[in-house]
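Quick notes on the structure that follows.
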Amino acid sequence: AVNRAFHWWQEFLSIAFTTTASKGPLITPKWVRPTSGRLKINVDGAWTMNSKQGGVEIVVRDFDGLCPVAPSRMFTDVFSPTLVEVLANRAGFELAVERGFHNVIVESDSLQLITALNGSSMDLSPLRFIIEDAKTLLWSIAEISATYIRRQANNVAHRLTRFGLHSR
C-alpha cells in the first residue's frame, strides 16, 4: 500500500510540475530568505514505520542565508508521520523560546498541522495535547508566524531529516 501511494504521489508530481506550451513554464517553489532583521526556522520530520522512530531537523537562517544553528532530534515510539511533524514544529518553537528569538517565521511542509496551529479552536485529534502545547509555545514568542511551505522549498530541512534518520 505504501509503495502504491508513493507511486501515485510521484505520478501526480510528474503531471503537476511539467511545462506545456499552453500552460507556460511552471516555477518550482524555492526557499525565500527572510527580510532583514527576521529569522526563518524551517522544520521537518521523518518517520520509519518498522522501527517507530522519528527524526526532526530544525534549520535556522537569517537574511544572509547564514545558519547559526541547525539541531536535529530523534524520537522513539513515534506512531505516525503526523506525530513527528507535530514534534518537529514544537521543537522549532522550543528552540525559538530557548534562544530568545523573536521576529521569526517558522516554515513547515505540513499544511494540516500549520492550519491546526494557526486555528483558534481547540484541537480534538488524538495529538491534541501536543498540538495545544505547541500552540502555547507559538503564542509565547513575540512576532512569530507559522506558515506552510511546499516540500521543494523546505528541501534543506527535509534532506537533513531523512539523512539523520537513516544514518543511525
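The values are calculated or read from the model by the stated rules, or taken from the named source; none is laboratory data. Note that this is a predicted model, so its numbers are computed, not measured. Every residue, glycine as well, gets a Cβ built from its backbone with ideal geometry; the counts of neighbours run over all protein chains shown. Areas reflect the complete protein model, heavy atoms only, side chains present, ligands, DNA and RNA absent. Shrake-Rupley method; radii C 1.70, N 1.55, O 1.52, S 1.80 Å.
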Members of the range 139-168 found to be under 23 Å from Gly65 (Cα atoms) and among the hydrophobic types (A, V, I, L, M, F, W, C), listed by number: Ile141, Ala142, Ile144, Ala146, Ile149, Ala153, Val156, Ala157, Leu160, Phe163
Any hit, the range 22-39, residues being open to solvent by less than 20 Å² (accessible area, probe 1.4 Å), outside any loop (DSSP other than H, G, I, E, B) and modelled with pLDDT of 90 or more: no
Conditions (1) open to solvent by less than 80 Å² (accessible area, probe 1.4 Å); (2) small (Gly, Ala, Ser); (3) modelled with pLDDT under 90; number of the one not met by Ala1: (1)
Answer residue from the range 115-168, given it is basic (Lys, Arg) and open to solvent by 70 Å² or more (accessible area, probe 1.4 Å) and is nearest to Thr35 (Cα to Cα) among those: Arg150
Qualifying positions in the range 74-94 - of a type in the set (S, T, N, Q) and either buried (at least 23 other Cβ atoms within 10 Å of the Cβ) or closer than 19 Å to Thr147 by Cα (or both): Thr82, Asn89
Looking only at the range 49-61, decide whether some residue is in contact with an Asp or Glu (Cβ under 7 Å, 6 or more places away or on another chain), at pLDDT 90 or above and of a type in the set (A, V, I, L, M, F, W, C). no
Val97 passes all but one of (1) out of contact with any helix residue (DSSP H, G or I) (no Cβ under 9 Å at 6 or more places or on another chain); (2) of a type outside the set (Asp, Glu); (3) open to solvent by 60 Å² or more (accessible area, probe 1.4 Å); (4) closer than 23 Å to Gly164 by Cβ; which number fails? (1)
Sort out which residues of the range 145-168 are within 24 Å of Asn103 (Cβ to Cβ) and assigned to a loop (DSSP other than H, G, I, E, B), and write them in order of number. Ile149, Arg150
What number of residues in the range 72-87 are closer than 9 Å to Gln53 by Cβ and free of Cβ contacts under 8 Å to residues at least 24 places away in the same chain? 1
Checking Phe101, Phe129 in turn, the sole residue that is free of Cβ contacts under 8 Å to residues at least 60 places away in the same chain and of a type in the set (Phe, Trp, Tyr) turns out to be Phe129
Given the conditions (1) over 11 Å from the mean Cα position of the chain (by Cα); (2) under 20 Å from Thr48 (Cα atoms); (3) modelled with pLDDT of 90 or more, and given that Pro126 satisfies all but one, which numbered condition is not satisfied? (3)
